[in-house]
Amino acid sequence: EPEVTQTPSHQVTQMGQEVILRCVPISNHLYFYWYRQILGQKVEFLVSFYNNEISEKSEIFDDQFSVERPDGSNFTLKIRSTKLEDSAMYFCASRGDRGDEQFFGPGTRLTVL
Amino acid sequence: SQQGEEDPQALSIQEGENATMNCSYKTSINNLQWYRQNSGRGLVHLILIRSNEREKHSGRLRVTLDTSKKSSSLLITASRAADTASYFCATAPWSSEKLVFGKGTKLTVNP
């Protein structure tokens with residue numbers, strides 16, 4: 001069964017460093033998303049991406065964040081200058097053209113020291 | 001506003017019993033989706049129910065939706081120890097791409 005994959009599973013970085021989180025959505029999906037879950041808190045929407053552009057973003061998704069689909073398979077989230085409060089589990093999700101179900105990857109646990 | 005608030009926050013049952021989790025929301029929705037999350041792991045999609053549907057089944061799962069009360073319930077029948085996980089409802093508002101998650105119900109099924 002096709003699934004969303006994410007790398008790395010765990011990333012540790014120093015405050016102020018740039019990180020890139022990678023996702024490979026399900027191959028025939030067209031809609032892509034990033035969410036995050038701070039430990040013990042709700043899963044929060046960050047951004048949605050369709051047709052090579054951001055279709056919606058939350059107030060969390062400020063200028064420090066960017067997304068890109070550099071090729072036909074990868075979808076990345078970049079945080080330019082990480083802060084302590086960026087520590088969270090980051091989930092990528094994708095959805096096909098025919099359904100509303102969003103399928104999530106296993107997540108990348110980001111720890112900012 | 002807070003969407004997708006589940007209750008109870010925690011539920012502990014014996015294997016073989018049924019587990020019912022509830023979700024309430026505040027705004028108009030296109031659909032509502034239920035997910036399972038094992039500790040520290042990813043979100044597994046369980047079932048989607050549309051705003052014009054009242055009930056849906058998938059295996060041992062039964063989901064209901066009452067749009068007049070803005071609430072949904074997830075019933076897991078004949079629970080197993082492997083069902084131990086956190087369960088989240090996520091609402092999809094109209095004209096939005098995002099899912100809005102609740103805090104989840106932590107289900108423990110004791111063998």
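The values are calculated or read from the model by the stated rules, or taken from the named source; none is laboratory data. Remember, predicted model here, so these are calculated numbers, not experimental data. Positions of Cβ are backbone-derived with ideal geometry, glycine not excepted, and every protein chain shown enters the neighbour counts. Please note that ligands, DNA and RNA were not included when accessible areas were found on the heavy atoms of the full protein model with its side chains. Shrake-Rupley method; radii C 1.70, N 1.55, O 1.52, S 1.80 Å.
Of all residues being small (Gly, Ala, Ser) and facing another protein chain (nearest Cβ under 7 Å) in segment B:95-111, which is least open to solvent (accessible area, probe 1.4 Å)? Just the residue, please.
B:GLY102
Failed condition for B:THR91, given (1) buried (at least 17 other Cβ atoms within 10 Å of the Cβ); (2) in a loop (DSSP other than H, G, I, E, B), with all others met?
It fails just one condition, (2).
For segment A:20-55, give me each residue that is in a loop (DSSP other than H, G, I, E, B) and closer than 26 Å to B:LYS103 by Cα.
Across segment A:20-55, the qualifying residues are A:PRO25, A:ILE38, A:LEU39, A:GLY40, A:GLN41, A:LYS42.
Considering only segment A:61-107, state which residues are within 10 Å of chain B (Cβ to nearest Cβ), on the phi < 0 side of the Ramachandran plot and open to solvent by less than 30 Å² (accessible area, probe 1.4 Å).
If the condition is that a residue be within 10 Å of chain B (Cβ to nearest Cβ), on the phi < 0 side of the Ramachandran plot and open to solvent by less than 30 Å² (accessible area, probe 1.4 Å), then A:MET89, A:PHE91, A:CYS92, A:ALA93, A:ARG95, A:GLY99, A:GLN102, A:PHE104, A:GLY105 are the ones that fit.
Which of (1) over 25 Å from A:GLN14 (Cα atoms); (2) within 12 Å of another protein chain (Cβ to nearest Cβ); (3) modelled with pLDDT of 95 or more does A:TRP34 not meet, given it meets every other one?
For A:TRP34, the exception is condition (1).
Conditions (1) touching a residue at least 12 places away in the same chain (Cβ under 8 Å); (2) farther than 21 Å from A:TYR90 by Cβ; (3) of a type in the set (Lys, Arg), marked per residue:
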| position | (1), (2), (3) |
| --- | --- |
| B:GLN14 | yes, yes, no |
| B:TRP34 | yes, yes, no |
| B:ARG41 | no, no, yes |
| B:ARG50 | yes, yes, yes |
| B:SER79 | yes, yes, no |
| B:LEU107 | yes, yes, no |
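Among the hydroxyl-bearing types (Ser, Thr, Tyr) and within 14 Å of chain A (Cβ to nearest Cβ) - does that describe any residue in segment B:36-51?
Yes, segment B:36-51 has at least one match.
Got a sec? Which of B:SER79, B:SER24, B:SER68 is of a type in the set (S, T, N, Q), open to solvent by 30 Å² or more (accessible area, probe 1.4 Å) and over 11 Å from the mean Cα position of the chain (by Cα)?
Among B:SER79, B:SER24, B:SER68, only B:SER68 is of a type in the set (S, T, N, Q), open to solvent by 30 Å² or more (accessible area, probe 1.4 Å) and over 11 Å from the mean Cα position of the chain (by Cα).
Taking the residues in segment B:38-56 that are open to solvent by less than 20 Å² (accessible area, probe 1.4 Å) and over 11 Å from the mean Cα position of the chain (by Cα) as candidates, determine which candidate is modelled with the lowest pLDDT.
Among them, the one singled out is B:GLY42.
With (1) modelled with pLDDT of 95 or more; (2) out of contact with any Asp or Glu (no Cβ under 6 Å at 6 or more places or on another chain) as the list, and A:GLU3 as the residue in question, which single condition is left unmet?
(1)
Could you check, for segment B:4-17, whether at least one of its residues is open to solvent by 40 Å² or more (accessible area, probe 1.4 Å), more than 14 Å from the chain's Cα centre (by Cα) and of a type in the set (A, V, I, L, M, F, W, C)?
Scanning segment B:4-17 turns up no residue that is open to solvent by 40 Å² or more (accessible area, probe 1.4 Å), more than 14 Å from the chain's Cα centre (by Cα) and of a type in the set (A, V, I, L, M, F, W, C).
Tally time: how many residues in segment A:58-71 are under 16 Å from A:GLN37 (Cα atoms) and either among the aliphatic types (A, V, I, L, M) or part of a strand (DSSP E or B) (or both)?
Residues meeting the conditions: 2.
Got a number for residues in segment A:40-60 being facing chain B (nearest Cβ under 9 Å), open to solvent by 60 Å² or more (accessible area, probe 1.4 Å) and of a type in the set (S, T, N, Q)?
2
Would you pick out the residues in segment A:8-31 that are closer than 27 Å to A:ARG98 by Cα, among the β-branched types (Val, Ile, Thr) and open to solvent by 50 Å² or more (accessible area, probe 1.4 Å)?
Hit for segment A:8-31 is A:VAL24, nothing else.
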